[in-house]
1. Which aspartates and glutamates does Lys767 reach when only Cα atoms under 19 Å apart count, and residues fewer than 8 places away in its own chain are ignored?
2. Given Cβ point charges of +1 (Lys, Arg) and -1 (Asp, Glu) and nothing else, what value in debye, to the nearest 20, does the dipole of the chain about its Cα centre take?
3. Skipping prolines and chain starts, which residues have an amide H placed within reach, meaning under 5 Å, of the one on Ala60, given they are 5 or more residues away or on another chain?
4. How far is the Cα center of the stretch 181-237 from the Cα center of the stretch 374-406, in Å?
5. Which number comes out as Rg/Rh for the stretch 601-776 once both Rg and the Kirkwood Rh are worked out on C-alpha atoms?
6. Once the Cα atoms of helix 169-179 and of the chain are each reduced to a long axis, what angle between those two axes, in degrees from 0 to 90 to the nearest 10, is obtained?
7. Using only Cα atoms and rounding to the nearest 10 degrees, what angle (0 to 90) does helix 40-51 make with the longest principal axis of the chain?
8. Tell me which label goes with the value of P(r) over Cα pairs in 10 Å bins from 0, in percent computed from the coordinates here: [x] 2, 11, 19, 21, 18, 13, 8, 4, 2, 1, 0, 0; [y] 2, 10, 12, 11, 10, 9, 9, 11, 12, 9, 5, 2, 0, 0; [z] 3, 14, 25, 26, 19, 10, 3, 1, 0.
Amino acid sequence: MPQSEFKVNNILIPEELPLIALKNTVLFPKTVIPLIVQRPKSVGALEHALSADRLIFFAAQKSIEDDVARRDIFTTGTVGRIISVFKLPDGSSKVDVEGLVRGRIAEVTSEAPYFRVNTAPSSLIIRNNPEEKALLRKAIEQFRAVSEARSFPTILPEIIYMMSQLKDTEHIISLMAVNLNMEIDDQQRILEMESAMDALRELNAYLVREIEIIEAETKVAKETKKQIGKMQKELFLREQLKSIEKELGVDDEKGEMDMIRQKIVAAGMPKDVEEKAVKELNRLGKMPPFNPEASYLRTYLDLIVDLPWSKKTKEKIDLKEAEKILNQDHYGLDKVKERIIEYLAVQKQVGKLKGPILCLVGPPGTGKTSVGQSIARALGRKFTRVSLGGLKDEAEIRGHRRTYVGAMPGRIIQGINNTGVRNPVFMLDEIDKIGMDFRGDPSAALLEALDPQQNNAFSDHYVEAPFDLSDVFFIATANVLDTVPPALRDRLEIIEFPGYSEEEKFHIAKNFLLPKLYKEHGLNKRALVLTDSALSDVIRKHTREAGVRDLERQLATIIRKVTRKIVEIQSKKQVVVGKEDIHKYLGPVKYTHQVAEKKDEVGVVTGLGWTPVGGEVFSIEVVRVPGKGRLILTGQLGSVMKESAQTALSFARAYAAKHGVKEELTKTDIHIHVPSGAIKKDGPSAGIAITTALVSMFLHKYVKKEVCMTGEVTLRGKILEIGGVKEKVLAAHRAGLKTALLPFENKKDMEDIPKSVKKDVEFKFVKTMDEVLKAALR
């Protein structure tokens with residue numbers, strides 16, 4: 001046999017072998033261990049070994065890095081044989097390896113694509129003298145003691161039995177090193193020892209240290225047990241002391257318990273609630289102070305005694321004063337104020353009104369929340385507000401059950417508790433934005449609170465006692481009603497908040513917003529003058545909203561810039577901001593409004609539309625082009641508006657045929673376009689405008705440029721009622737249009753139109769398309 005080869009158990013080991021570096025593992029001779037091979041170099045070494053003699057040299061790493069160099073690998077390792085290989089789904093391999101013989105790296109012959117090394121195998125020196133046998137016997141005895149005390153899951157009874165039967169000292173040393181939870185450095189040190197005696201001494205020293213640690217742990221456990229026993233004894237003696245005090249008639253209710261008991265009596269609770277509170281207080285008195293439930297029970301009792309079971313604000317319903325307060329706080333909104341005054345009048349007449357709950361519905365920024373505060377002022381009641389936007393958990397309304405850690409009452413009980421009275425004005429803000437998920441439906445939980453027939457015994461899961469909400473003045477607010485469930489909507493008295501007209505915005509800014517902003521910015525009225533034309537320019541060209549929030553922000557921007565100018569130049573001279581200065585303060589115009597057409601045209605009609613931020617004027621354009629008889633609709637029209645266009649086309653064709661126009665249906669396409677193509681449009685109210693444009697095109701008659709119109713049309717040419725009349729008419733007035741055609745059934749809506757608009761715009765109420773065409777076409 002050549003000197004470069006070594007033979008172990010009839011296995012010929014070549015001098016040069018592939019190498020696999022091991023992380024957190026040391027392979028010992030005569031042991032079998034499982035490994036996961038996944039690093040590229042290790043996979044390469046494994047594939048080479050499997051294609052050859054299945055032999056690999058295994059050496060432990062000095063670090064746990066994936067990318068290792070020669071200096072990161074211990075010199076001494078073990079020649080191992082691959083017993084089995086199992087490919088895993090992620091591309092790695094699970095292998096079982098048997099250690100054959102220890103050895104050391106003589107030379108690294110290659111590092112790529114995997115490590116290849118020349119090895120020098122060496123056998124463990126075993127003397128079999130009495131000292132070595134004594135060391136071996138002692139090691140086995142201590143190993144058994146450690147395994148029994150530690151209850152190592154990796155040390156099976158079969159291993160201990162195997163050690164007692166084995167005659168191979170090296171095999172026993174390897175088994176001990178593998179099965180003890182030794183550090184990698186300790187295992188490596190044993191592997192590197194040349195004689196069995198040195199290895200056994202090292203193992204014995206390690207086992208002695210382990211036994212000392214086990215004894216120390218046992219001692220600590222006994223002392224801890226003794227301490228717990230002492231605490232239990234103290235608890236028992238304290239309970240005995242309580243019994244003795246009770247037998248002697250000593251009053252054990254002292255201090256805080258007496259105070260809570262007095263609060264329970266003074267709270268004016270219903271009798272059944274008071275009995276429950278006293279019962280819980282007695283339970284608290286019997287609890288040990290360190291019981292965690294005691295703090296939860298104390299928090300519950302604090303809430304119960306603080307709730308305003310009988311405290312009320314003395315009401316003063318003065319209708320004139322209420323009207324004065326509403327007019328001071330809000331401009332316009334005449335119908336809203338009238339409804340609120342009527343509601344208060346009925347409540348004053350009957351003393352206590354179990355009626356519907358008010359729900360203020362309108363666009364953002366129209367003053368819904370501030371109206372609620374004004375109602376509270378008018379009634380002399382306290383005001384509290386809860387935002388329901390984004391609420392998804394029913395427990396937020398009804399509260400959590402006290403069995404949960406961190407339980408608390410619902411938003412309604414918290415709001416009542418914060419005001420300290422049982423009859424506040426309670427605003428439920430953004431009721432249309434309540435959500436729902438697996439935790440329940442909060443809107444369903446509101447049904448009980450907002451039903452006048454049920455809310456005299458509202459049940460909160462945390463309070464666990466009925467609370468009377470019948471004296472609470474609930475006011476809900478919403479932007480839209482579509483998302484409010486029907487059952488909840490049925491319990492609400494709806495008060496619509498329309499968007500403000502430009503004229504109303506002008507007065508609100510002049511009388512409310514500007515004085516407020518002057519005060520906030522430390523300016524007096526004489527320091528800054530914003531001309532009426534400048535204010536109108538801000539309203540018209542720099543805001544587009546139904547309310548006045550954005551208007552307030554734009555005015556605040558102007559006042560901020562003026563304030564900075566005044567502070568920088570230290571001038572007391574009055575600053576006048578005119579229309580021509582607005583661009584300097586607010587930048588270029590943000591919004592433009594369409595104006596009346598400049599000349600009469602064929603196939604172009606001015607229509608009126610409604611948006612959440614007010615009315616708009618838009619043109620409807622119709623042309624006829626060569627084609628195949630199709631109707632082409634552009635301008636982001638919704639399904640209802642498309643159907644309205646189909647109806648208009650059918651009527652217009654019939655009307656044109658009746659007046660002698662011959663149309664070749666299969667050779668021309670009709671294209672209807674509504675400008676501002678990026679904005680979605682829908683609804684039936686453009687019906688008469690589309691019909692007029694089509695008839696104008698078919699008859700080649702001009703449409704009067706000063707005429708605008710809105711209304712739904714039927715196939716028979718009848719005009720049907722539409723909504724949003726006020727906003728649409730205000731848009732027509734703003735655009736400079738002189739004549740507005742409206743459905744006859746909308747004549748009743750003229751009461752809401754400002755007098756200044758009625759003066760400038762002529763209104764014609766039409767029942768049929770014949771009347772429309774007569775008024776619109778030249």
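1. Once the sequence-local aspartates and glutamates are set aside, what remains near Lys767 is Glu712, Glu721, Glu745, Asp749.
2. On the way: 120 positive and 109 negative charges, 778 e Å.
Charge dipole, the chain, about its Cα centre: 3740 debye, nearest 20.
3. Leu22, Phe74
4. First find each Cα centre; the distance between them is then 59 Å.
5. Details: Rg = 15.4 Å, Rh = 16.1 Å.
Computed over Cα atoms, the ratio is 0.96.
6. Roughly 20 degrees between the two axes.
7. Compared with the principal axis, the helix lies near 50 degrees.
8. So the calculated entry is the one marked [y].
The values are calculated or read from the model by the stated rules, or taken from the named source; none is laboratory data. Treat the numbers as computed from the prediction; the structure is a model and nothing was measured. Cβ: placed from backbone, ideal geometry, glycine included. Neighbour counts: every protein chain shown. For accessibility, only protein heavy atoms count, side chains too; no ligands or nucleic acids. Shrake-Rupley method; radii C 1.70, N 1.55, O 1.52, S 1.80 Å.
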